[in-house]
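Below is one structure, written out as structure tokens, with a few remarks after it.
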């Protein structure tokens, strides 16, 4: 019922950015491909979208989608086993193709060894890329943030800290927010039945200026990202967050992070 009602929401997404979308092609079913998801965002007059894959770089795909649709589509690389894990050459190639994001391990996170991350961090710092923490555990995220800062990395994003795969406490999130932005994603409300109240609590605990809201949508059984983002915004406002704070988390904060 909730997902059906999304289509009837009249929410202005002009100038907003969704920093976490999973379009096709992919090895698992996806609702929309790169071009389709970009066209929907363009129709809503969004500023940009970020497309992510767990198994392959998306920088080249983003360039094509941008050219076809006229929307800023941003890609990157996730450091899973399929691209050689903590592979500085893959990060370098992604950056040269225009990729802006480097996500740490997600589906291969059991293979992470942060003692080997130094060369990757050097490339991220050299190209001023966004380091995203993927599915690392809280203690690994805090260690990575320290390593990143010592390397000179300025742009750090903690992906969906409240989800089961990460599971950061409020105190851990506050510590992370000292030097990183926290990204809260709608998909956890669907897949894990995460109450919206917990997202609101976390945002209020660390401060909205240190947070981004995104969808993490693209799954075949979920609504399109633009519809999900509209519902997320309305629901957070109904839950007590101020509209101007939502605008910061959907627009100003991601713009500063990326550009």
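Pick from 82, 106, 58, 19: which is out of contact with any helix residue (DSSP H, G or I) (no Cβ under 7 Å at 6 or more places or on another chain) and within 21 Å of residue 181 (Cα to Cα)?
Values: 82 fails: within 21 Å of residue 181 (Cα to Cα); 58 fails: within 21 Å of residue 181 (Cα to Cα); 19 fails: out of contact with any helix residue (DSSP H, G or I) (no Cβ under 7 Å at 6 or more places or on another chain).
Unique residue meeting the criteria: 106.
Here is a check on your reading of the model: is residue 78 crowded, with 20+ Cβ neighbours inside 10 Å and either at pLDDT below 95 or over 28 Å from residue 166 (Cα atoms) (or both)? Give the steps one after another, and end with the answer.
Numbers: crowded, with 20+ Cβ neighbours inside 10 Å: yes; either at pLDDT below 95 or over 28 Å from residue 166 (Cα atoms) (or both): no.
Against the criterion (crowded, with 20+ Cβ neighbours inside 10 Å and either at pLDDT below 95 or over 28 Å from residue 166 (Cα atoms) (or both)), residue 78 does not qualify.
Within the bounds of the range 179-192, is there any residue that is at pLDDT 95 or above, assigned to a strand (DSSP E or B) and farther than 25 Å from residue 98 by Cβ?
To start, the set of residues in the range 179-192 that are at pLDDT 95 or above comprises 179-192.
With the extra rule that they be assigned to a strand (DSSP E or B), the set shrinks to 181-185.
Then drop every residue that is not farther than 25 Å from residue 98 by Cβ, which leaves 182, 184.
Yes, the conditions are met somewhere in the range 179-192.
How many of the residues making up the range 1-60 are more than 28 Å from residue 155 (Cα to Cα), modelled with pLDDT of 95 or more and crowded, with 17+ Cβ neighbours inside 10 Å?
3
Count, please, the residues in the range 128-152 that happen to be more than 11 Å from the chain's Cα centre (by Cα) and either within 20 Å of residue 188 (Cβ to Cβ) or assigned to a strand (DSSP E or B) (or both). Spell out the reasoning first.
Looking only at the range 128-152, we keep the residues that are more than 11 Å from the chain's Cα centre (by Cα), and these are 128-129, 135-152.
Now narrow it down to the ones that are either within 20 Å of residue 188 (Cβ to Cβ) or assigned to a strand (DSSP E or B) (or both): 135-138, 140-141.
The number of residues fulfilling the criteria is 6.
Can you find a residue that is at negative phi, touching a helix residue (DSSP H, G or I) at 6+ places or on another chain (Cβ under 8 Å) and part of a helix (DSSP H, G or I) anywhere in the range 153-161? Steps first, answer last, please.
Initially, the range 153-161 is screened for residues at negative phi, giving 153-159, 161.
This time we only want the ones that are touching a helix residue (DSSP H, G or I) at 6+ places or on another chain (Cβ under 8 Å), so: 153, 155-158, 161.
Those left that are additionally part of a helix (DSSP H, G or I): none.
No: the range 153-161 contains no residue that is at negative phi, touching a helix residue (DSSP H, G or I) at 6+ places or on another chain (Cβ under 8 Å) and part of a helix (DSSP H, G or I).
Can you tell me which residue is nearest to residue 22 (Cα to Cα) among those in the range 197-221 that are out of contact with any helix residue (DSSP H, G or I) (no Cβ under 6 Å at 6 or more places or on another chain) and in a loop (DSSP other than H, G, I, E, B)?
For the range 197-221, the residue satisfying everything is 218.
If you check residue 147 against the conditions, is it surrounded by fewer than 19 Cβ atoms within 10 Å (Cβ to Cβ) and out of contact with any strand residue (DSSP E or B) (no Cβ under 6 Å at 6 or more places or on another chain)?
The answer is yes for residue 147.
Quick check: is even one residue across the range 53-69 within 26 Å of residue 213 (Cβ to Cβ) and assigned to a strand (DSSP E or B)?
no
In the range 230-259, which residues are surrounded by fewer than 19 Cβ atoms within 10 Å (Cβ to Cβ) and not in a helix (DSSP H, G or I)?
239, 240, 242, 259
Go through (1) at pLDDT below 95; (2) buried (at least 19 other Cβ atoms within 10 Å of the Cβ) one by one and return the number of the condition residue 113 breaks.
Of (1) at pLDDT below 95; (2) buried (at least 19 other Cβ atoms within 10 Å of the Cβ), only one is false for residue 113: (2).
The values are calculated or read from the model by the stated rules, or taken from the named source; none is laboratory data. Please read these numbers as outputs of a predicted model, since none were measured by experiment. Cβ atoms come from the backbone with ideal geometry, glycine included; neighbour counts cover every protein chain shown.
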